[in-house]
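The values are calculated or read from the model by the stated rules, or taken from the named source; none is laboratory data. Just so it is clear, the structure is predicted and the values come from calculations on it, not from any experiment. Every residue, glycine among them, receives a Cβ derived from its backbone with ideal geometry; neighbour counts consider all protein chains shown. When the accessible area is computed, the model is the full protein with side chains, heavy atoms only, and any ligands, DNA or RNA have been set aside. Shrake-Rupley method; radii C 1.70, N 1.55, O 1.52, S 1.80 Å.
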Amino acid sequence: MRVSFDEMYSEIKRVFMKYGMEEARAAQCARVHTESNLDGIFSHGSNRVARFVDYIQKGWVEPNAVPTVEKDLGAIKILNGNLGPGVSNALTAVDMGIEMARKYGIGMVGLHNTTHWMRGGTYGLYAANQGFAAILWTNTESCMPPWGGKTCKIGNNPYIMALPGDPHPVMLDMAMSQYAYGKLEVTRQAGKRLPFPGGFNSRGELTDIPGEIEESRRILPMGYWKGSSFAFMLDILGAVLTDGIGAADIDNTGKGSCGRASQVFIIIDPSQIIEYNKMVELTRKEIAHIKSSELAENVTSILAPGEDYVLYREDQAKNGIFVDDEVWKTIQSL
């Protein structure tokens with residue numbers, strides 16, 4: 001089904017306020033959830049609302065907690081998220097990073113003891129739309145086997161890079177698996193198979209059936225051993241650069257998905273390096289270059305990183321936002 005942006009935003013805001021979140025914070029988080037759906041990231045928009053409420057009820061998220069500065073090193077700040085909502089904590093971290101980047105050209109914020117930030121690309125776009133480049137990531141609980149293993153021992157550790165552009169920023173938002181668990185969920189709900197194998201079934205066979213991968217928990221690292229190593233290094237760097245914890249400890253917190261996670265926000269002011277029009281022209285040239293490739297068989301177009309969300313946004317802003325019928329009923333019932 002489809003609903004309007006305002007209807008979805010108002011309903012999610014109502015739910016968050018009902019479960020104890022102050023209005024300004026509820027509005028901020030509801031907007032991020034709704035914008036995620038608007039951009040086609042349903043897994044971390046409407047699909048996460050009920051789970052977020054469950055975490056509040058269990059005390060795994062403190063709905064009105066705010067981050068506190070523990071270390072201030074000039075161009076580096078370390079924050080304690082105090083288990084506040086991951087969305088508001090992350091937006092605070094980006095704002096601090098932007099402030100430092102304006103002053104020093106670059107700013108890094110390490111945020112520990114925080115909670116699930118929902119769609120990581122939100123914060124890349126937030127920085128890029130204000131004229132800043134961003135490199136961001138979070139570590140997570142173990143939800144993917146290391147290459148050569150059968151049991152989950154590394155996180156999926158979303159990684160984001162974003163750059164201002166015209167008319168839209170260029171933005172990469174990816175998990176370390178071939179498909180994120182959220183993508184598996186959405187594909188299963190739609191009764192579809194994955195375009196390519198995304199993990200192993202319980203018999204140790206590569207499969208494109210999302211439900212079988214969810215059941216086995218043997219999701220496939222992107223790039224096989226390369227993705228496994230990439231995820232491992234993001235976990236370690238996330239813990240070290242925030243004075244936080246990694247997957248080995250997150251697994252034992254008892255705080256749900258990403259409970260007490262460590263997140264890194266590196267914000268750069270490109271205007272102190274390159275003239276804006278030159279940056280935009282360079283970006284356009286590079287996008288045109290990849291699009292000039294001869295198309296592969298059964299392919300109709302080549303998309304630049306982040307271009308898919310622009311297409312979703314244009315359609316859904318005009319025609320209404322898709323939401324799974326049962327998910328919407330659940331939200332309305334909260």
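Are any of the residues in segment 147-158 farther than 16 Å from G81 by Cα, surrounded by fewer than 24 Cβ atoms within 10 Å (Cβ to Cβ) and touching a Lys or Arg at 6+ places or on another chain (Cβ under 6 Å)?
Yes, segment 147-158 contains at least one residue that is farther than 16 Å from G81 by Cα, surrounded by fewer than 24 Cβ atoms within 10 Å (Cβ to Cβ) and touching a Lys or Arg at 6+ places or on another chain (Cβ under 6 Å).
Six or more apart or on different chains, Cβ atoms under 9 Å: show the pairs whose first residue is in segment 111-135 and at positive phi and whose second is part of a loop (DSSP other than H, G, I, E, B) and charged (D, E, K, R).
What qualifies is N113/R260; G131/D269.
All but one of (1) within 23 Å of K318 (Cβ to Cβ); (2) modelled with pLDDT of 95 or more; (3) of a type outside the set (G, A, S); (4) out of contact with any Lys or Arg (no Cβ under 8 Å at 6 or more places or on another chain) hold for V66; which doesn't?
So V66 meets the others, but not (1).
So which helices (runs of 4 or more DSSP H) stay within segment 170-252 end to end and still have 3 or more residues that are open to solvent by 80 Å² or more (accessible area, probe 1.4 Å)?
On the way: elements: 181-189, 210-216, 225-240, 247-250.
Counting at least 3 such residues, we get 225-240.
Here are some conditions: (1) part of a helix (DSSP H, G or I); (2) within 29 Å of H168 (Cβ to Cβ). E297 meets all but one. Which one does it not meet?
(1) is the only condition that E297 fails.
If you go through segment 67-89, how many residues are part of a helix (DSSP H, G or I) and in contact with a Leu (Cβ under 7 Å, 6 or more places away or on another chain)?
1
For segment 26-51, how many residues are within 20 Å of S257 (Cβ to Cβ) and either open to solvent by 60 Å² or more (accessible area, probe 1.4 Å) or touching a residue at least 24 places away in the same chain (Cβ under 8 Å) (or both)?
So the first thing to find is which residues in segment 26-51 are within 20 Å of S257 (Cβ to Cβ), and the list is 29-30, 32-33, 36-37, 41-51.
Remaining after also requiring either open to solvent by 60 Å² or more (accessible area, probe 1.4 Å) or touching a residue at least 24 places away in the same chain (Cβ under 8 Å) (or both): 29, 32-33, 36-37, 41-51.
Residues that pass the stated criteria total 16.
List every residue pair whose Cβ atoms sit under 9 Å apart, with the two residues 6 or more apart in sequence or on different chains, where the first one lies in segment 91-108 and is farther than 17 Å from I160 by Cβ and open to solvent by less than 80 Å² (accessible area, probe 1.4 Å) and the second, anywhere, is among the small types (G, A, S) and in a helix (DSSP H, G or I).
Partner pairs satisfying both residue conditions: none exist.
What are the pairs, 6+ residues apart or on separate chains, where a residue within segment 171-193 that is within 16 Å of G155 (Cβ to Cβ) has its Cβ under 8 Å from a residue that is outside any loop (DSSP other than H, G, I, E, B) and open to solvent by 60 Å² or more (accessible area, probe 1.4 Å)?
M176/F230
Working carefully through the options S292, S257, find the one that is among the small types (G, A, S) and open to solvent by 40 Å² or more (accessible area, probe 1.4 Å). Before the answer, list the steps.
Details: S257 fails: open to solvent by 40 Å² or more (accessible area, probe 1.4 Å).
The unique qualifying residue is S292.
(1) over 27 Å from N319 (Cβ atoms); (2) out of contact with any strand residue (DSSP E or B) (no Cβ under 6 Å at 6 or more places or on another chain); (3) surrounded by fewer than 17 Cβ atoms within 10 Å (Cβ to Cβ); (4) of a type in the set (D, E, K, R): which one isn't true of R14, the others all being true?
Here R14 clears every test but (1).
So which residues in segment 53-68 are touching a helix residue (DSSP H, G or I) at 6+ places or on another chain (Cβ under 8 Å) and open to solvent by less than 50 Å² (accessible area, probe 1.4 Å)?
The answer is V53, V61, P63, P67.
Out of N113, N82, report the one residue that is polar (S, T, N, Q) and buried (at least 24 other Cβ atoms within 10 Å of the Cβ).
Within the list N113, N82, the selection yields N113.
Which pairs do you get when a residue that is within 15 Å of H44 (Cα to Cα), found in segment 5-17, comes within reach of a residue that is open to solvent by 50 Å² or more (accessible area, probe 1.4 Å), reach meaning Cβ atoms under 7 angstrom, with the pair 6+ apart or on two chains?
Y9/R31
Need the failing condition index for A134 against (1) at pLDDT below 95; (2) assigned to a strand (DSSP E or B), just the number.
(1)
Do we have any residue at all in segment 279-287 that's within 23 Å of T122 (Cβ to Cβ) and touching a strand residue (DSSP E or B) at 6+ places or on another chain (Cβ under 7 Å)?
Filtering segment 279-287 down to residues within 23 Å of T122 (Cβ to Cβ) leaves 279-280, 283, 287.
Remaining after also requiring touching a strand residue (DSSP E or B) at 6+ places or on another chain (Cβ under 7 Å): 283.
Yes, some residue in segment 279-287 is within 23 Å of T122 (Cβ to Cβ) and touching a strand residue (DSSP E or B) at 6+ places or on another chain (Cβ under 7 Å).
For every residue, the table says whether it meets (1) surrounded by 14 or more Cβ atoms within 10 Å (Cβ to Cβ); (2) over 23 Å from the mean Cα position of the chain (by Cα); (3) of a type outside the set (F, W, Y).
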residue: Y276; (1), (2), (3): no, yes, no
residue: M279; (1), (2), (3): yes, yes, yes
residue: V299; (1), (2), (3): no, yes, yes
residue: L303; (1), (2), (3): no, no, yes
residue: V310; (1), (2), (3): yes, no, yes
residue: D325; (1), (2), (3): no, yes, yes
residue: L334; (1), (2), (3): yes, yes, yes
